[in-house]
Structure formats: structure tokens, C-alpha cells
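Peer 1: Structure below; questions to follow.
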Amino acid sequence: MPVNDMENSQSTPSGSNGPQLTEEEASRYDRQMRLWGLEAQQRMRNATILVLRLKGTATEAIKNMVLAGIGKLVIVDGEKVTEEDLGAGFLFRDEDVGKNRVDAAKSRIESLNPLVTVETISNASILAGEQFEDLIRAVDVVCVTDWDRDDLIRINAVCRRNKKPFYAGGTYGLLGYIFCDLLDHEFISPDRSAPKDAPKSVKRTEIYSPLDIALRHRWSTLTRRQTKEVNPAVVFSILAIWQYQSLHSGELPDNLSAATELQSIANSLISEAEVNKQFLTQAPETVLNAIANTAVHEFSPVCAIVGGMLAQDLLKALAAREPPIANFFVFDGNTGAGTVTRMGMP
Amino acid sequence: MSTAKARSAHARAILGPELYERLPDTKVLLVGAGGIGCELLKNIVLVGFGKITLLDLDTIDLSNLNRQFLFKKKDVKQSKALIAAQTAAPFNPNVTLTPIHGNIKEPQYDIPWYQQFDIVLNALDNLVTRTTLNVSTVSPNQRQRHFQFAQFAQHQVNQSTASSGVKIARQLFGEDEDATGELDAAEQQGENAQEIATLRKEAQAFNSVRTALRSTSPEVNCNAAKLAFQKVFDTDIKNLLLMADMWKSRSPPVPLDFDSILDGTFNLRDEDKTQNGVNPNQAAAATPSTSSVNGNGKAASSVTGLKDQRRLSLKENVELFVARHVQAITNRLAARLQSGNETTIAFDKDDEDTLDFVTAASNLRSTAYGINTQTRWEVKEMAGNIIPAIATTNAIVSGLIVLQALQLLRRNYTGMRNVHLQYKPAVPLSTITLSKPNPGCGVCRDTYALVLCDPSRALLGDVVKGILGENNEREVSVYEDKRVLSDPDWDDNLERTLESLNVTRGKFLTIVDEEGEWGTISIGLSILPPDHPVDSPPYILPSPLPQPQRKPKLPPAESTPATPPRTSRKRSLPIDMNSDVIDLAPTPKRLKPTTTSNDLESPSKRRRLDQDGLLLVDGPGELLDDVIVID
């Protein structure tokens, strides 16, 4: 089913006309190419992804992206492996404690898929100034994990300036989130309601917003049912964690004493955002108590789910098939529910 | 043991000390080390389940490596269970892994074997084994949790063309389906003599081709491939065309003439039907693939060059099938038979020769019938029943499984959920509360029991009588799987040993009440304890004896309602917790109420339907919304 050739939009990597897939790649990627097709595979293969920070979320996301066969991975993390990292960091071993995270993990990442190029940067100074702009320009997509909100806003702006799609994801105990700014994203969306023998594909464009705009989103346009569907208690819990972090120089809440403050932050965010009062006026106390105790911890099954959704969406954006997350996904590990809210998008 | 004391700090904080302290002693059985299994193993190792047994019968293939991340290219052909354990063990040195390269259906994996585990995690990929596992773990006091993940192949399109190729392969290279005996019998029974004569001629023609393919005499077999071609795609089609009635409302097939195709003068149809704008007589330019559902064929900018995704012209298909040189696939397969190493060759999608054959054969047939041909890539998927698979879905599902397993261990049953991955943008992960136990469930409405015995000495009748206890007057039929061993009118086998009836350790005897008054009893068999006295009966009955449920009699047969009662479609999708299948793109199907009560009267018949995958419920119209029928 021929589709109109799309102009090289911002969200597809330059070099779709790169070298063809080898027979070996075709064998390794057989089962996934039968899902998303050869063209999508080539786009992934020609892409360079930048990942910031190598904790649980990134460990999982990287595994998935490397298995899928992206062209190149660049990882930046200035920190060293701690004992706690071993709980969700299966790229680390006991004897790696004290080493730079990226150095410890590099060869294990490469062995997941030798066809992928892996570059590691253990000096976080590259994340500021002109160096950072150069770094951004050299990649096709940026993926920032387990990062604080205020710096996410800064990085998002740099990406936007350089027309690079931006992903952010992380976990706080049993909760997790993904945010993305894909600029003006063009893609093909299969029409699932079309009759079986005539699969139609529709070309669509989705206009995204940067994080600072998204955070000013007002919920007043949603009905009670629409509000309920997207799980605002979890959304605002995460936004409250972000605000807390901002007020505490980057520190996450790490015991019950933080609950009161979290509660009051969440409640004022909910009120400012004009959430449907019939549904939610305050964040549930039990939820925030749990968060106060667990936000600073990472749990491997939650990392697997959030890292999985993150990689899946990033690959979707590269392939330009199927609508990606638009634009704020939250995961509640208490139930397993994952919902997406459109925040600040036109 | 891990030297890093704080490696579990995060998990402990999240699970709480009480649950966390239990993990090192929790014994987990993980069945399957493939797509889900690798991810699941990684998760439970990291979380800290102390004793994990991992079982898988399969070996590693290159196509696994895009998602089964515990395996590397150098591991291809080795045991999945063993390599998975080897790779995952270092993720947490505090965990003990016991990998088994074996088949869950083997006799040693009987009910007592399962009872050593606290929780069972299911990472299988097929319904039959899931059912085995389900049945084996439904027993008294067994805490069962099956996480069933079902991916159903979406390709119904063009299934027939690929399977026709497989059929041709079987006729030429497979088992000799000797028709003469059947034809003789049919003739004796007075069937239409003329038809039988035609069928005999058919069988003979096929036989002479089969013989030629296997012949070691060079004059005979150099022509065998061409003989095969002419029979299947020329003669047989011409014979079909003689039946004028068939073609009154159907477009007739075109016989393929070998010589004119190869010299380029063959005229397929008057309109010269082309495919993809290409004349089938000419060699195809390399056109990009269109996989059957999700293709994205951009002719100009993405010429693939991948040989599997080329569409072959008619001439190329013929050349693939039969040519004057040894490259032709029919010759290659014939050579394998002639070498004597193989007496028959069966289709296997990973056997390049058979895949080539099926591609050529099904394409030739398609061309004759005016159906679109398929690339080798597409044929492999259809005939090989390949289900596409990616790493992320496996990773997400496995993470969800562990979260639910932890809820189970906490006994937070009301907090448990079934979770669906779906295409809905606002709700990509949708949660559904678990259904209450369904008294009509095909698996757990039966009553299960365990009998320890020596099958070489225990008699069927004694065991059945013993199980029925006081109620041993009632009329029953006894089965092992689908086999009837005895019924009220036929009791010869009751005097025989279980072993002589091939009823052995690990298998189940099923006792079905012929009156439909009592529920079915399912007896699992295991071995006697080593200290069992020699002079005691060679079986030990469970104590107490199993008490099946008393069932209300079915209402008298009446005409079924024209439309089945439906409740509001707005309720969340009901999933039977004990059903083997979670349909990812669910369309709740209805049990067809057109089967009258008469058909369902015989419990034996109900049971046979059960085993074909239908979940039957008691009484028409009841619980229809709570059942998903498995096709």
C-alpha cells in the first residue's frame, strides 16, 4: 500500500537513505520487522539516541532500544555505581560499586546487540553551555531519565531550539511518568476501523508543547468522566514531587515527615489547575503518605514498565508510525494502570 | 551471596520489611524462558525471590535475540533455560536458580512436584501447555497464579494460499498417504465405481511422481521435478476445468504450461492480469515488501535488496520449482530423499528448502487461480504461523506480572488486577478487576484429587471404585485426556492395569457422571512412596475422598432464544480469572446458543467440546457475558 513520501520532518532522523539492512540484521530483527516493517527498522537503525543518567529507568529503556537496533547510543552520567543501584541496575555487578556508571555498563550494553554503537560520557560538564548544544546537535532524539523538573525545562528548551525531539521519564517508588515534546510530529496512523482487506493509513500531524507550557495546563475543560479516566491523583502526585524537589534543592522526599508538605503542594496544584471539583479537590492522603516514603526509591518491575513504555514510544516516534504519547503518561504501580493526559497541547 | 548489603535497600523500602523478608524463602516456578520468561526471570531475580526453578524445552534461535535479551548470538542452539539462568544469576547473587531443560508434560512433573512451589508463573506461548499447567496446579491447597499472555496471530488473510503450498509439499515429500486400501474398501461398499476409478487414476499419477522423486536412477529423477510441476499445475488443473459446473460462477483457473512459461511466450489470461503493475511473465524489479498488514511500500526511495522480500515473477517461480539445473527446489528436496537420510520431509519454516518449495508451489497455484502471489517473507509468516514480537511489550507485561504476583503474596486479592495493553491513547494500560470464581469454568469446576500408585499393578476399576467411595453405584465414564477408557456399556478395561492402558504418572483420569448429576472428578497420578508395604494395595487413595459438586439437572430441551440475553456493553471487559486466554483486542464472543440442550446432554460430548477449547457453562443464557470463547 504505497504511501505518500513524507518530507524529512524534525522527528525522523536524517539518513533514512543510509546503508541498507544486511541479511544478518534481517534475521535478528525478523520478528519485529514483521510488526513495523522494513522502513521503520531502517529509520531506527539510522538514529542516534542520547540518554541522560543511567539508573533503573534508563537501564530498561536502553536495553529495549539497543535490542531494537538503533544505530548509536550516547549515554551521559557523571555519577558512580552505588550498592543501592544494584537493585534495579542489572548492567552493574557487585564489583562495579564505586566505578563510573557508564564505564561499568558499557560492554554489557554492547553485548546486548553488537550491531549498535555505544558511546559513554562520564563527565557531566558536557551538559552545560556550548558543549551541550554541540552534543544535542549530534543526536536525533534526547531521552532524559530520573531528572529534576527545572532542569528538564532547560534541556527541553535546548532541544526545541535545535529541533530535536525530547523525552523525559522516571519512577518514584511505585509511580512513574513519561513526558515528550516531539515538536511538529508527522506520522502515519493505521486506521483500525477500516475493513480487513483494505488497511488504510492516515497521515497526521500532532503539535507538541514544551514542558513549561504543559505545566500551565488547565483541566477545566474535562468532564468528570474524562477527568477520572486519566487518573489525576497520580498526575498531581508526580507534579507535587517535582515541586517539592524544586523547593528542596533537588532532594526527593524520603520519609513520612514530608507527607504534610507534599499534601499541601498537591492540593494547591490541583486547585490552580482547575481540576473538576466534582471529582478531585485534594490528593488522597494514603497516596501521598506512600509517596513520602518511597519516592526516592526505585523498584525494578516499575522501571521495567516505565522503561518499556518509554523505549516503545521513542521507537514509535522514530518510525513515525502510530501516534506516540501525547503528552504526559503516568503509571500507577499499585494497580498497573497507565494513562495519558494531554497537557498544554493545542 | 552478594557483597553489597544495600543492594536490596530500595526494594525493602517499597515492599515493606514484612513482605521483603519472605522473599528469600519463596519458591517460584517459572515455566518458559522465551520472550516473557527472560524478562520475568530478570525481574524476579532482581526483586529477590530466593529460590527460582526455571523450565523450558526449547533451544535458542537467532530470531529470538531481538527480545530474549539473556541470550547472545554465540548461544544459538543451546538450551534457553540453562543460558537464561547463567546470564541472570549475576543480577542478584543472593538468589538460587535451578534451570531445567525439559518438557513440562513429562511424567516426573506431577502434582506432588508442583506442590513444592509457593507460586507458579506462566510464560508460555501456547494454549495446550497452558491448559496442562492450569490443570496440574489446580489441586487442594495449591496457591495458583497463572499469568497468561496471549498473542493471537492476526493474519487470516491469504492463509489458504500458503497452506495449499504446504499441502502440495506433503503430497510429494511427506508420508505416503496410501489411498489404495481406502479405495478398495469404498468400492466393496458399493460407492460410485466411476468416481472411484477416477480417484484411483489420481492416486496412481501422484504415486508415479513420488516414486520418480525418490528414484536414484538419473534418467528418471532428472525429469522428476518437471513431472511434478506438470501434474500439479497443468494436468490437475485441466482435469478440474472439465467439471464445467464448478466454473459457472467462479473464475476458472489457468493451467500453467511449463515450456511456454520458460521461453516467455506464456499468456496467463486474456487481460494479461498483472500484479503490482508488473507483467508476471517478466522478471520483477526489486519491489519493496508489503508485509500483509503493516506494509509501507515506497517504491522509489526504499529498494530493499533483501532477497526474501522480492516478489518473484511467474517465470522465476517456475524456475525456483523446477529448472534444468540443480538449484531448483524440487530437485534439492528430491536429492535429500534419495540420499537416504530422510524418508519423508515435512514443512518447517526454518528449513530453507521446504520454505522455498512452499513459496514456489503456493505462488504457482495462486497464479493459476488469479490470486496475488506472496513473497518468501510473507509465506514464511503465514505457513510458519509466525507471530511478530518485540522487546518492549514483553518487558512491560513481565513487569506487570511481578507487581500482581506481589499483591498475591500479600494476599491483597481485592487489589489485584488484570492489565491490558491497548491502542487507546488516553489509557494505554487498562486495569480490570478480577472476576469472581466462575462455577462454570471448564477447568476448576472439576474436583481434583491425587492418587499415588504403581500403574503396573493398579487396576483401573479398583482406582475408580475407590475414588467413588460410597457413591460407586453411579454410572460413570472414565477418560484419560480425550481417550475413553470405559463407559456404562463397556467395562472391559476395568480389569486392566493402568499402565497397560497407557495411564501413567503425571496423567489424569477423569470420571464423568453419565447422569449429569455430579461434577467431574479429575485424578492426578503419582508414584507410591518408597516405604509403601509390598503387600498393600498398589494405590493410595486420597483422604478424604474427593466430593464432587451435585449439579442441578439441566432444564428440559427448549428452543433457544433468538437473541442471547445481553447486558450493557458498558461494563468493563469481563475476564474469567481461570480462563487461559486474555484477548488483547477483545471482542467478547458469545457461546452460540444454537447448540440445543440435546447436543449438550451427554456429559461426554460436553467434555469433548470442552477440550476443543470451548468453555461451557451450565444452562443456556447464563453467564454468557463472563465467558470468552476460545476459537
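Bear in mind that the values in this text are calculations on the coordinates, not laboratory data. Values in this document were obtained by computation on a predicted structure and should not be read as measured data. Virtual Cβ from ideal backbone geometry, glycine too; neighbours counted across all protein chains shown.
Peer 1: May I ask you to derive the FRET efficiency for residue B:105 and residue B:58 from their Cβ-Cβ distance with R0 = 22 Å, giving the value to the nearest 0.05?
Peer 2: Computed FRET efficiency for residue B:105 and residue B:58 comes out at 0.95.
Peer 1: On average, how many beta carbons from a partner chain sit within 10 Å of the beta carbon of a residue in B:423-433?
Peer 2: 6
Peer 1: Based on the alpha-carbon gyration tensor of the stretch B:355-475 and its eigenvalue square roots a ≥ b ≥ c, which shape applies: rounded if a/c is under 1.5, prolate if not and a/b is larger than b/c, or oblate?
Peer 2: It is oblate, given that a/c is not under 1.5 and a/b is not larger than b/c.
Peer 1: Would you mind classifying the stretch A:61-174 by shape? Square roots of the alpha carbon gyration tensor eigenvalues, ordered a ≥ b ≥ c; an a/c under 1.5 is rounded, otherwise it is prolate if a/b is larger than b/c and oblate if not.
Peer 2: Since a/c reaches 1.5 and a/b is larger than b/c, the shape of the stretch A:61-174 is classed as prolate.
Peer 1: Taking a quarter of the surface of the Cα convex hull of the stretch B:172-216, what do you get in nm²?
Peer 2: Quarter of the Cα hull surface area: 3.2 nm².
Peer 1: I've got another one for you. Of the candidates A:227, A:205, A:335, which one comes out as most mobile in a Gaussian network treatment of chain A with C-alpha springs shorter than 10 Å?
Peer 2: Maximum among the listed residues: A:335.
Peer 1: Something else now. Apply the a/c threshold of 1.5 to the C-alpha gyration tensor of chain A and tell me whether it is rounded, prolate or oblate.
Peer 2: Numbers: a/c = 1.76, a/b = 1.20, b/c = 1.47.
Oblate, because a/c is 1.5 or more while a/b does not exceed b/c.
Peer 1: Now for a separate question. For peptide A:325-335, how many partner chain Cβ atoms fall within 10 Å of a residue's Cβ, on average? Kindly include the intermediate steps, with their values, before the conclusion.
Peer 2: Working: counts 2, 2, 0, 0, 2, 0, 4, 2, 6, 6, 10.
Going residue by residue through A:325-335 and averaging, the value is 3.
Peer 1: Of the listed pairs B:231/B:349; A:228/A:316; A:200/A:316; B:105/B:424; A:55/A:277, which have alpha-carbon separations greater than 29 Å here?
Peer 2: B:105/B:424; A:55/A:277, as the Cα separations exceed 29 Å there.
Peer 1: Sorted by mean Cβ packing within 10 Å, highest first, what order do the peptides B:108-115, B:519-526 take?
Peer 2: Packing proxy ranking, top to bottom: B:519-526, B:108-115.
Peer 1: Also, quick follow-up: Quick check: residue separation of residue B:387 and residue B:352 times 0.36 nm, minus the Cα distance between them. What number comes out in nm?
Peer 2: So the extension gain works out to 10.7 nm.
Peer 1: Same structure, new question: Figure the gain on full extension for residue B:260 and residue B:187 (residue separation times 0.36 nm, minus the Cα-Cα span) and round it to one decimal in nm. Write down the numbers at each step before the final one.
Peer 2: Details: separation 73, 0.36 × 73 = 26.28 nm, distance 4.04 nm.
The residue B:260-residue B:187 span can extend by a further 22.2 nm.
Peer 1: Once you've got the GNM for chain A with C-alpha springs shorter than 10 Å, pick whichever of A:102, A:51, A:230 has the biggest mean-square fluctuation.
Peer 2: In the Gaussian network model the winner is A:230.
Peer 1: Also, quick follow-up: With only alpha-carbon pairs counted, each pair once and no self-pairs, how large is the Kirkwood hydrodynamic radius of the stretch A:144-209 in angstroms?
Peer 2: Averaging 1/r across every pair of different Cα atoms and inverting gives 14.2 Å.
Peer 1: Turning to a different aspect of this structure: Report, in whole Å, the centroid distance computed from the Cα atoms of the stretch B:426-484 and the stretch A:76-100.
Peer 2: Taking the Cα centre of the stretch A:76-100 as reference, the centre of the stretch B:426-484 is 50 Å away.
Peer 1: Could you tell me which trypsin sites (Lys or Arg not before Pro) in the stretch A:35-118 are loop residues by DSSP with no more than 15 other beta carbons within 10 angstrom of their beta carbon?
Peer 2: Passing sites in the stretch A:35-118 are A:99.
Peer 1: Sticking with this structure for a sec: Using C-alpha positions alone, give me the convex hull volume of the stretch B:342-387 per residue in cubic angstrom.
Peer 2: 76 Å³
Peer 1: Highest first, please rank the peptides B:242-251, B:20-29 by the mean number of other Cβ atoms sitting within 10 Å of their residues.
Peer 2: Packing order, densest peptide first, comes out as B:20-29, B:242-251.
Peer 1: Which parts of the stretch A:62-91 would a label at residue A:162 reach, counting a residue when its backbone N lies under 18 Å from a point 7 Å out along Cα-to-Cβ?
Peer 2: Correct set: A:71-78.
Peer 1: Something else about it: Calculate the mean, over all residues of peptide B:60-68, of how many other protein chain Cβ atoms lie within 10 angstrom of the residue's Cβ.
Peer 2: Partner Cβ neighbours, averaged per residue: 5.
Peer 1: Scan chain A and note any complete DSSP helix (H) whose C-alpha atoms cover at least 24 Å along its axis and whose Kyte-Doolittle average is -1.0 or more.
Peer 2: Details: long enough: A:300-319 (27 Å, 1.28).
TM-like helix candidates: A:300-319.
Peer 1: Note down the nm distance, to one decimal, between modelled labels 7 Å out along Cα→Cβ at residue B:244 and at residue B:115.
Peer 2: Between residue B:244 and residue B:115, the simple spin-label model gives 7.4 nm.
Peer 1: Send over the per residue convex hull volume for the stretch B:435-506, Cα only, as a whole number of Å³.
Peer 2: Spelled out: Cα convex hull of the stretch B:435-506, divided by residues, is 123 Å³.
Peer 1: Same structure, new question: What residue among A:44, A:33, A:65 shows peak mean-square fluctuation when chain A is described by a Gaussian network model with Cα springs under 10 Å?
Peer 2: A:33
Peer 1: Quick query: amide H of residue B:486 versus all other amide H atoms, modeled in the peptide plane; which residues come in under 5 Å with a sequence gap of 5 or more or a different chain?
Peer 2: Close amide H contacts, sequence-distant or interchain: B:478.
Peer 1: Expected output is a single nm value to one decimal: the length gained when fully extending between residue B:369 and residue B:517, i.e. 0.36 nm times separation in residues minus the C-alpha distance. What is it?
Peer 2: The residue B:369-residue B:517 span can extend by a further 47.8 nm.
Peer 1: Between the DSSP loop rule and a limit of at most 15 other Cβ atoms within 10 Å, which GluC sites (Glu not before Pro) in the stretch B:187-225 are left?
Peer 2: Here the GluC sites (Glu not before Pro) that fit, given the DSSP loop and packing criteria, are B:191.
Peer 1: Given R₀ = 30 Å, what would the calculated FRET efficiency be for residue B:434 paired with residue B:549, taking r from the Cβ atoms and rounding to 0.05? Spell out each step's value before the answer.
Peer 2: Working: r = 22 Å, r/R0 = 0.73.
Calculated transfer efficiency: 0.85.
Peer 1: For q values of 0.14, 0.15, 0.21 Å⁻¹, compute log₁₀ I(q)/I(0) with the Debye formula on a Cα-only model of the stretch B:27-143, without solvent.
Peer 2: Listed by q, the Debye log ratios stand at -0.54, -0.62, -1.17.
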